[in-house]
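Worksheet: the structure to be examined is printed underneath.
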Amino acid sequence: MAEPTQKIVQYLNEAHATELALTRVLQSQIAITPAGSYRSGLEKHLGETHDHARRVQRRLNELDSARNPLQVAVGVAEGVLGQALALAKTPLDLVRGASGEEKVLKNAKDTCATEALEIATYIALERVARAAGDVQTADLAESIRQDEQNMLDRVLGELPTLADAVIGSEVHGKSSFDVSETGAAETARDAKKTVDEAARDGKERAKATARQARKVPGITQAEGRAKGAVATEEDLAIARYDDRTADEITGRLTDLSQIELAKVNTYERKNGDRTTVLDRISVLRGDEPWASYDELSVAEIAKAVRAADNDTVRTVVSYERAHKNRAGVLNAAERDLAGK
């Protein structure tokens, strides 16, 4: 059973990831929204969102001593995922819809959904915190929830006007503004630059963090499920996945890491839901011989095998034969067993 504080930390992590993601989304939406009451509302809420993220992070730091390693790892994964989703979505906000008015309306509808999600998250957090006697966290959640509710009410109130603008532009041919004059182009370039820099500068750091996190039992599977939940066909390790038969896919599963297997499993359940594929994944999924094994090269595994005990080496042989079946790993393991 989870301790109350661990559950509170889990919900705080979810809230923090959402706030970070929303920051990026709001910035991109402001860039294509013309001056007026709706843009003013977005700008005001962007400031509130920055403040919310800081306050939630501060509370997480205060509760840090109560966090177990799994919660820390999951929190890191959620935060990275939230920001990645926002960075990936930002350029889309700048081009969706036929007209500028349509873009703004679609973004407003998205904002309503996001605000509703945040409200639900903070309601749950407040409820759990009060039940646990954590008044400070409960009050924090209540305060932020009210800001989110105010924003949702404001956007809902703007929707009729935004819809009227779409009618004027796309039905009557009377555009109310030129999207090229709102800073969208600059924001698109900035967004792309941010994505490129994040991918380049954070690559090694992300790998190190992920490997450390994966030492926690179950985190590899959790990471794979999280990635699968938002994956498209292009994100999968098997090319042209949607065009392949179940037999073609099962024939390629042995080459996948545990993270990739969990990712494909989640994607398949959401889409084809083919029993043959899911059953084969179920057989292949399991603990690696040691943390981050699937990410190592043949040479790195062979070196590690020389320092491992017999039980670990036998586990390597069993796991390797069921998965990638690499001759270099198996030969190294068998030589080591023969020499001990």
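Worth pointing out:
- Output for the range 270-321, where each listed residue is aromatic (Phe, Trp, Tyr) and under 18 Å from ASP255 (Cβ atoms): TYR293, TYR319
- Lone qualifier among ARG326, ARG321 - being over 20 Å from ALA231 (Cα atoms) and touching an Asp or Glu at 6+ places or on another chain (Cβ under 7 Å): ARG326
- Matching residues, the range 322-340, being closer than 20 Å to ARG252 by Cα, among the hydrophobic types (A, V, I, L, M, F, W, C) and without any contact (Cβ under 8 Å) to a residue 40 or more places away in the chain: ALA327, VAL329, LEU330
- Test result for GLU118, modelled with pLDDT under 95, over 21 Å from ALA165 (Cα atoms) and surrounded by 16 or more Cβ atoms within 10 Å (Cβ to Cβ): yes
Okay, residues lined up against (1) surrounded by fewer than 22 Cβ atoms within 10 Å (Cβ to Cβ); (2) among the aromatic types (Phe, Trp, Tyr); (3) part of a helix (DSSP H, G or I); (4) at pLDDT 90 or above:
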position: MET1; (1), (2), (3), (4): yes, no, no, no
position: GLN6; (1), (2), (3), (4): yes, no, yes, no
position: LEU22; (1), (2), (3), (4): no, no, yes, no
position: GLY41; (1), (2), (3), (4): yes, no, yes, yes
position: LYS44; (1), (2), (3), (4): yes, no, yes, yes
position: THR49; (1), (2), (3), (4): no, no, yes, yes
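- Restricted to the range 149-161, and to residues there that are within 20 Å of GLY47 (Cβ to Cβ) and aliphatic (A, V, I, L, M), the residue that is surrounded by the most Cβ atoms within 10 Å (Cβ to Cβ) is MET151.
- Helices (runs of 4 or more DSSP H) enclosed by the range 263-340 - at least 1 residues per element that are farther than 28 Å from ALA239 by Cα and not assigned by TED's automatic domain parsing to the domain that holds ALA246: 298-306, 310-322, 327-339
A quick yes/no check of all residues on (1) surrounded by fewer than 21 Cβ atoms within 10 Å (Cβ to Cβ); (2) at pLDDT 95 or above; (3) in the same structural domain as HIS50 (by TED's automatic domain parsing); (4) part of a helix (DSSP H, G or I):
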position: ARG96; (1), (2), (3), (4): yes, no, yes, no
position: LYS106; (1), (2), (3), (4): yes, no, yes, yes
position: ASP110; (1), (2), (3), (4): yes, no, yes, yes
position: ALA113; (1), (2), (3), (4): yes, no, yes, yes
position: ALA138; (1), (2), (3), (4): yes, yes, yes, yes
position: ALA141; (1), (2), (3), (4): no, yes, yes, yes
position: ASP147; (1), (2), (3), (4): yes, yes, yes, yes
position: SER169; (1), (2), (3), (4): yes, no, yes, yes
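The values are calculated or read from the model by the stated rules, or taken from the named source; none is laboratory data. Because the structure is a prediction, the values reported are computed rather than measured. With ideal geometry, Cβ positions are generated from the backbone for all residues, glycine too; neighbour counts draw on all protein chains shown.
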